[in-house]
Amino acid sequence: MEARNQVYTRETQKQIGELNRLAEQILSEAQLLGSEGQWYRGRPIMITRNDYNLRLFNGDVGLAFPDADGEMRVFFATADGQIRKFPPSRLPVHETVFAMTIHKSQGSEFGTVLMILPADDAPLLTRELIYTGLTRARDQVEIWSPETVLRAAIAKRASRTSGLRDALWLEPGYQQMTMSL
């Protein structure tokens with residue numbers, strides 16, 4: 001089981017939701033989605049909250065299909081190549097994922113990736129983010145971006161600005177140490 005085409009963006013979660021709804025609308029109008037309602041044949045979903053009892057974890061991606069008995073199930077591939085299936089009603093919190101952020105794609109691999117970048121440069125759009133998006137594809141990547149935005153992202157390295165280092169080392173009685181490994 002493989003999700004062949006997946007869309008990655010660095011937009012807000014609201015925009016991702018809009019992309020997913022648009023994909024569903026276009027596929028529905030083209031009569032490529034079943035008429036089963038919310039749980040249509042081929043619906044891609046991503047788990048967004050861990051369920052340790054079911055062994056389904058944040059980031060797991062599954063596809064909805066009827067099983068051999070005609071009952072709608074969501075199928076997940078395991079790391080060892082096995083297939084696990086669940087009734088949709090048993091799934092932990094999840095969302096439809098024709099599109100997802102690059103952040104949510106980490107740990108996943110897809111045959112073809114379409115990476116959509118914003119129209120304007122942004123602080124989080126870095127060389128490392130582009131690399132992560134590119135390496136999600138096994139066979140092919142397509143990037144939709146203004147050339148200036150892509151070039152700026154590739155030229156920019158990620159930098160941490162959490163303030164954790166300063167908060168830890170500025171406490172009274174502590175001294176900063178640097179070690180080479």
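The values are calculated or read from the model by the stated rules, or taken from the named source; none is laboratory data. In this text, all values refer to a predicted model and were calculated from it rather than measured experimentally. For neighbour counting, all protein chains shown are included, and Cβ atoms are generated from backbone atoms with ideal geometry for every residue, glycine included. Keep in mind that these areas ignore ligands, DNA and RNA; they rest on the heavy atoms of the full protein, side chains included. Shrake-Rupley method; radii C 1.70, N 1.55, O 1.52, S 1.80 Å.
Restricting attention to the stretch 86-121, which residues are over 17 Å from the mean Cα position of the chain (by Cα) and loosely packed, with under 15 Cβ neighbours inside 10 Å?
Of everything in the stretch 86-121, those that are over 17 Å from the mean Cα position of the chain (by Cα) and loosely packed, with under 15 Cβ neighbours inside 10 Å turn out to be PRO87, SER89, ARG90, ALA119, ASP120.
Restricting the search to the stretch 73-83, which residues are within 20 Å of the chain's Cα centre (by Cα) and over 26 Å from LEU19 (Cα atoms)?
Of everything in the stretch 73-83, those that are within 20 Å of the chain's Cα centre (by Cα) and over 26 Å from LEU19 (Cα atoms) turn out to be THR78, ALA79.
Condition first: within 17 Å of the chain's Cα centre (by Cα) and small (Gly, Ala, Ser). Now tell me which residues in the stretch 50-72 satisfy that. Quick ask: steps written out before the conclusion?
First pass over the stretch 50-72, keeping only residues within 17 Å of the chain's Cα centre (by Cα): 50, 56-63.
GLY59, GLY62, listed by residue number.
Which members of the stretch 40-71 meet the condition of being open to solvent by 30 Å² or more (accessible area, probe 1.4 Å) and either among the small types (Gly, Ala, Ser) or farther than 20 Å from ALA99 by Cβ (or both)? Give the steps one after another, and end with the answer.
Going residue by residue through the stretch 40-71, those that are open to solvent by 30 Å² or more (accessible area, probe 1.4 Å) are 41, 48-53, 55, 57-58, 60-61, 65-66, 68-71.
Hits for the stretch 40-71 are ASN50, ASP51, TYR52, ASN53, ARG55, PHE57, PHE65, PRO66, ALA68, ASP69, GLY70, GLU71.
Of the numbered conditions (1) in a helix (DSSP H, G or I); (2) under 20 Å from THR132 (Cβ atoms), GLN25 satisfies every one except a single condition; which is it?
Single failed check for GLN25: (2).
For the stretch 23-81, name all the residues that are farther than 19 Å from LYS104 by Cα and among the aliphatic types (A, V, I, L, M).
ILE26, LEU27, ALA30, LEU32, LEU33, LEU54, ALA64, ALA68, MET72, VAL74
Name, by its number, the condition in (1) more than 30 Å from ALA68 (Cα to Cα); (2) modelled with pLDDT under 90 that does not hold for PHE110.
The failed condition is (1).
Applying the selection to the stretch 129-142, what residues are open to solvent by 60 Å² or more (accessible area, probe 1.4 Å) and touching a residue at least 12 places away in the same chain (Cβ under 8 Å)? Write out each step before concluding.
Taking the stretch 129-142 and keeping what is open to solvent by 60 Å² or more (accessible area, probe 1.4 Å), we get 131, 134, 138-140, 142.
Correct list: LEU134, ARG138, ASP139, GLN140, GLU142.
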